[in-house]
Amino acid sequence: MKLLIINGPNLNLLGKREPDVYGNKSFDDFFADLQFHFKDIELAMFQSNIEGELVDELQQASERGFHGIVLNPAAYTHTSIAVADAVAAISIPVVEVHISNVMDRERIRHTSYVSKNASGTISGFGLDGYKLAIQGLKQQLKA
Ligand code: DQA
């Protein structure tokens with residue numbers, strides 16, 4: 001099974017960015033943990049601060065052989081119809097992940113344009129949310 005993690009803007013700063021909200025581990029370090037944890041899955045990861053690059057990556061995932069996507073659209077969750085449309089357009093499952101509990105934060109973060117077409121949403125479990133999302137995708141894809 002081949003899964004792709006896509007991280008949106010500012011998630012390249014994980015570990016340094018607002019550690020009280022997002023923790024102090026870099027995504028690269030966490031990604032190594034994930035690969036160790038899910039030895040049976042081929043994992044890849046893409047991060048961009050650019051909306052169109054996230055759209056391109058979503059569009060190309062299936063033809064590149066990925067079976068599912070774990071997507072943290074970051075701030076584009078709450079603003080981007082283009083990212084939401086890309087999620088709606090593709091046929092492989094997308095699980096939406098937020099490190100923080102967005103519902104316990106400012107009102108602007110309570111709206112997600114992506115959720116409607118995601119096969120599930122995980123929010124508020126820190127980086128472990130990515131593990132939960134992979135677990136969920138694994139079960140969904142096996143069913
Ligand atoms: C986030 C939550 C978003 O509101 C925010 O803009 C982010 C990260 C999260 O993982 O908690 O950049 O998606």
Which of the aspartates and glutamates could a cross-linker bridge to residue 116, judged by Cα under 13 Å and excluding same-chain residues fewer than eight apart?
85, 96
Evaluated at 25 °C with a viscosity of 0.890 mPa s, what Stokes-Einstein diffusion coefficient in µm²/s does the chain have when Rh comes from the Kirkwood expression over alpha-carbon pairs?
164
The residues 125, 66, sorted from fewest to most surrounding Cβ atoms within 10 Å, come out as 125, 66
Summing Lys, Arg as +1 and Asp, Glu as -1, what charge do residues with Cβ under 12 Å from the Cβ of residue 9 carry, residue 9 excluded?
-1
Can you run phi through the Karplus equation (6.51, -1.76, 1.60; θ = phi - 60°) for segment 67-74 and list ³J(HN,Hα) in whole Hz, with x for Gly and Pro?
9, x, 10, 9, 10, 10, x, 6
Relative contact order for the chain: what is it in percent, counting Cα pairs under 8 Å that are at least 6 residues apart?
25
Would you tally the net charge around residue 64, using a Cβ to Cβ cut-off of less than 14 Å, leaving residue 64 out, and scoring K and R as +1, D and E as -1?
-3
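Coordinate-derived values only; no laboratory data. Just so you know, these numbers come straight off a predicted model, no measurement behind them. Because the Cβ atoms are built from the backbone with ideal geometry, glycine has one as well, and the counts that use them run over all protein chains shown.
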